[in-house]
Amino acid sequence: MSTDHPDRDVNAEDQPITEISKADEPGTVKPEAVKSEDGDLAVAPVAKPRRLTMLIAIAAVILLSDILTKVWAVAAVKPGQPIEIIGDVVTFTMVRNPGAAFSMATSMTWILTLVAIGVVIGVIKIGRTLRSPWWALGLGLVLGGALGNLVDRFFRSPGIMRGHVVDFVSVGWWPVFNIADSAIVCGAILLVVLTLFGFEPNGERLRDHKADDKKLTESKAAAEGETK
């Protein structure tokens with residue numbers, strides 16, 4: 001007499017009970033099986049979450065901090081009357097800057113404004129597919145700083161796209177700067193470091209790709225050797 005139950009799943013016979021139960025648990029991410037270029041089945045890696053929200057949040061914090069500190073500086077720091085914080089080393093000094101960060105390129109206000117607009121558009125475009133939290137931090141700092149100085153370019157005298165940026169933090173021999181300048185420089189340094197160490201915006205690492213390609217090449221070579 002046959003002991004097979006008519007409703008029994010034949011495919012589940014060879015599977016451990018623990019694996020079946022784990023696959024059915026709610027919230028479990030099931031990797032999809034995909035075909036590789038040579039036709040073999042492989043498990044596709046689970047995509048990391050996108051980091052656009054994180055990027056926007058960081059940029060918003062930088063932008064708000066920059067605007068509020070500039071409003072305070074304009075009201076509290078008089079031109080030619082610096083406020084000493086740590087002697088003459090750290091002071092609040094009012095400077096109206098027509099140039100780039102740290103008072104560079106003071107005669108290129110229009111061009112700098114257009115460059116800043118281009119940076120904002122580029123960061124937002126990259127951020128739409130961003131999956132690395134470190135890249136989100138770096139790009140968020142750059143975006144917030146660029147927007148902070150753009151606000152000055154558009155809404156401060158002498159006019160739209162020609163406005164002078166408010167700088168008020170003076171540290172030693174370093175040129176006077178603001179929060180937006182600091183955020184841009186820190187964000188740019190972080191992005192350069194990430195690039196040098198092979199961290200990509202999609203959350204993966206270039207070194208890992210090379211290691212995977214090497215393993216794949218070795219496995220194919222071993223398989224070809226067994227067939228000969």
Matching residues, segment 128-160, being within 14 Å of the chain's Cα centre (by Cα) and modelled with pLDDT under 90: Arg128, Thr129
Residue in segment 78-114 that is most open to solvent (accessible area, probe 1.4 Å), counting only those that are modelled with pLDDT of 85 or more and in a loop (DSSP other than H, G, I, E, B): Asp88
Residue within segment 141-154 that is of a type in the set (Phe, Trp, Tyr), within 17 Å of Ser65 (Cβ to Cβ) and outside any loop (DSSP other than H, G, I, E, B) present: no
Count of residues meeting criterion [touching a residue at least 12 places away in the same chain (Cβ under 8 Å), open to solvent by 30 Å² or more (accessible area, probe 1.4 Å) and of a type in the set (A, V, I, L, M)] in segment 115-140: 5
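Specify which of the listed residues (Lys125, Lys48) is outside any strand (DSSP E or B), at pLDDT below 95, basic (Lys, Arg) and under 18 Å from Ala188 (Cβ atoms).
Among Lys125, Lys48, only Lys125 is outside any strand (DSSP E or B), at pLDDT below 95, basic (Lys, Arg) and under 18 Å from Ala188 (Cβ atoms).
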Filter result (open to solvent by 50 Å² or more (accessible area, probe 1.4 Å) and either of a type in the set (Val, Ile, Thr) or within 14 Å of the chain's Cα centre (by Cα) (or both)) within segment 161-183: Val171, Ile179
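The values are calculated or read from the model by the stated rules, or taken from the named source; none is laboratory data. For clarity, every value in this text was computed on a predicted model and none was experimentally measured. In this analysis, Cβ positions are derived from the backbone assuming ideal geometry, glycine residues included, and neighbour counts consider all displayed protein chains. These accessible areas exclude ligands, DNA and RNA; they are computed on the full protein's heavy atoms, side chains included. Shrake-Rupley method; radii C 1.70, N 1.55, O 1.52, S 1.80 Å.
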